[in-house]
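Q: Pasting in a structure now, in structure tokens, and then I'll have a few things to ask.
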Amino acid sequence: MLALLAHPLAPYATLALFIVVMLVAVGAVRERNIAFGVTLVALGFLLVVNVPAVLGTGSSDVGDLMRVDGYAIFFMALFAGAGIVTTLLSGPYVTRLSPWPDEYYILLTTAVLGAVVTAAANHFVSFLLGIEVLSISLYAMIAYPREGRKPLEAAAKYLVLSGAASSTMLFGMALIYMASGSLAFESMAGLSAHDSLIADIGVAMLLVGILFKLSLAPFHMWTPDVYQGAPAPVTAFLATVSKGAVFAAFLRYATDAGILASDAIALGIAAVAVLSMVAGNVLALLQESVKRILAYSSIAHVGYLLIALIATAGIGGNAALGVETTLVYLTGYFVMTLAAFGVMTALSSDGQEADDLMAYEGLFWRRPVLAAVLTAAALSLAGIPLTVGFIAKFYVFAAGAEGTLWVLVWALVIGSAIGIYYYLRIVFTMIRKPGEEPTGESPEEPAPPAGGPEATIPRLTAAVTIVLGLAILAFGIYPTPIIDFVTGLTGP
């Protein structure tokens, strides 16, 4: 039994088996708690049993399609943890949307399966399979039964634009195969030296699709609309697991294929990083929706991550430090993003979704604990010391300085300085008592207050959110457990 659990395919087979069990169970018995419980068991088994069992086996190749190494196992644990948090946050929320939310949990578990496959992919077939399983699940989750225009509009935009991005990637893969004769990442390491126009066009089309999936500028305009229209727990999952899976595959592809050995590609990705950091932070200044603020914020944060990507590729820097930076940054980003959306989910569980910034006015006086968690998340996203966000940004800064990527480092500093304004704007709005108008602002139609005395805050959602808030501070003050775990893993 232990030998079977230690097999590199065991985590994927186990998760797929739980999905089948869930399908049979909800088909036989129509009970809302069955899918919820099986999802928690499946993701908990993946995190507590599968990950430790596979961790000690070293690096293993599953045919030519996947590489299950420390890098893939790290993302397996990260996605399982994020999936558990999303499930717990979703419990009271989706019950309000549908009396029988079984299919929601099936889609969520399937999306996690697609994410872990994507993170382990070292071949275009497994990469495309994983990312499409993830994306197709998200199409339905974004529009999960909600009346109104925004969820359907968000799902339609994501469906059409994501489909176009996938088609672009697929055509790029075909051109790369035509030039190299293989779909494995490593087989393309020497293409840049051959000066193949077909290969260059293929890589360019592939990168366009990946940049869209990561919502990097200038392929980012779908992000705020989809974030705003999707249910709050789904937005949390989309902002963390979906982006994390694509970035994990992108990092492995960039290092295995050596695409950043090309000065043109390296310069292009650096330009995208700078544009994303600047555009994401500047556009966030103009928003009145908390979801749209966090959407543009996520664009900037993935731009910061590109610094680690370039450093990982060894462009004048330390490849090991770049990998460590990526893993530490994504861990911190997951915790603080899930905490922010957790507060929104808690405040949205009764009545209208808490998205308007003015709905948070006076939250410190109505719901001080939830306001404190959102404050911790906002300050962490801004990179304030004693939060996990500061540790994450310090790593990115160190990787950029080690690689002498000074333009990117300055873009990081300027973007972070701009970001402080809109993060503190959220905090000041929560502190300001209702009726106190900021100087220079004209009175507007007041938004319904989030978390008012008449609102019911689900205890489960509040508990999960508080734990995330404590984790932001704990890992910011004492980040050694994360750093030790990351440094003990094998890179891609």
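The values are calculated or read from the model by the stated rules, or taken from the named source; none is laboratory data. In this text, all values refer to a predicted model and were calculated from it rather than measured experimentally. Note: ideal-geometry Cβ built from the backbone for every residue, glycine included; neighbour counts use all protein chains shown. For the accessible areas, the whole protein counts, side chains as well, though only heavy atoms, and no ligand, DNA or RNA atoms are used. Shrake-Rupley method; radii C 1.70, N 1.55, O 1.52, S 1.80 Å.
Q: Could you look at the chain and say what percent of its accessible area is carbon and sulfur, using a 1.4 Å probe and all protein chains?
A: Carbon-and-sulfur percentage of accessible area, whole number: 70.
Q: Also, quick follow-up: How large is the Kirkwood hydrodynamic radius of the stretch 74-163, counting all unique pairs of alpha carbons, in Å?
A: Evaluated on the stretch 74-163, it is 13.9 Å.
Q: How much length is gained if the chain between Trp365 and Ser167 is pulled fully straight, taking 0.36 nm per residue apart and subtracting their Cα-Cα distance, in nm to one decimal?
A: The Trp365-Ser167 span can extend by a further 66.3 nm.
Q: Pairs to check: Lys150/Lys433; Lys243/Lys291; Lys150/Lys393; Lys393/Lys433; Lys157/Lys243; Lys243/Lys393. Give those whose C-alpha atoms are more than 26 Å from each other in this structure.
A: Lys150/Lys433; Lys150/Lys393; Lys393/Lys433
Q: Here's a follow-up. Quick one: compute the contact order of the chain, relative version, from alpha carbon pairs under 8 angstrom and 6+ residues apart, as a percent.
A: 15 percent
Q: Hey, another quick one. Assuming R0 = 41 Å, what is the FRET efficiency of Asp263 and Asn33, from their Cβ-Cβ distance, to the nearest 0.05?
A: Here the calculated transfer efficiency is 0.15.
Q: I would also like to ask the following. Over all directions, what mean area does the Cα convex hull of the stretch 213-285 project, stated in square nanometres?
A: Working: hull surface 20.9 nm².
Value for the stretch 213-285: 5.2 nm².
Q: Let me ask something else. Restricting to DSSP H runs of at least four residues, report the calculated mean residue ellipticity at 222 nm for the chain, -39500 (n - 2.57) per run over all residues, nearest 500 deg cm²/dmol.
A: -23500 deg cm²/dmol
Q: I've got another one for you. Hey, any idea what the orientation-averaged projected area of the convex hull of the chain's Cα atoms comes to, in nm²? Each step should come with its number before you reach the end.
A: On the way: hull surface 87.9 nm².
Averaged projected area of the chain's Cα convex hull equals 22.0 nm².
Q: Now, a different point. Sort largest first and round to whole Å: the equivalent ellipsoid semi-axes of the stretch 293-431, each the square root of five times a Cα gyration tensor eigenvalue.
A: 32, 13, 11
Q: Another question, if that's okay. When ligands, DNA and RNA are left out and all protein chains stay put, how many square angstrom of accessible area per residue does the chain have with a 1.4 Å probe?
A: Per-residue accessible area for the chain comes out at 37 Å².
Q: Sticking with this one: With θ set to phi - 60° and the Karplus curve 6.51 cos²θ - 1.76 cosθ + 1.60, what are the ³J(HN,Hα) couplings of the stretch 206-213 in order, to the nearest whole Hz, using x for Gly and Pro?
A: Values per residue, Gly and Pro as x: 4, 5, 4, x, 5, 4, 5, 4 Hz.
Q: Report D for the stretch 323-397 in µm² per second (integer): Stokes-Einstein, Kirkwood Rh on Cα pairs, 10 °C, 1.306 mPa s.
A: Translational D for this selection: 121 µm²/s.
Q: Heads up, I need the accessible area for Asp225: 1.4 angstrom probe, whole protein in place, Å², nearest 10.
A: About 50 Å², rounded to the nearest 10.
Q: So what's the gap between the Cα centers of the stretch 282-303 and the stretch 1-43, to the nearest angstrom?
A: 36 Å
Q: Right, something else. For the stretch 1-127, max minus min Cα coordinate along each principal axis, in Å, sorted largest first?
A: Extents along the principal axes, in whole Å: 44, 30, 23.
Q: How far apart, in nm, are two points set 7 Å out from the Cα along the Cα-to-Cβ line at Leu152 and at Ile420?
A: Modelled inter-label distance: 4.6 nm.
Q: Would you mind getting me the FRET efficiency between Glu288 and Ser60? Use the beta-carbon distance for r and R0 = 60 Å, nearest 0.05.
A: The formula returns an efficiency of 0.75 here.
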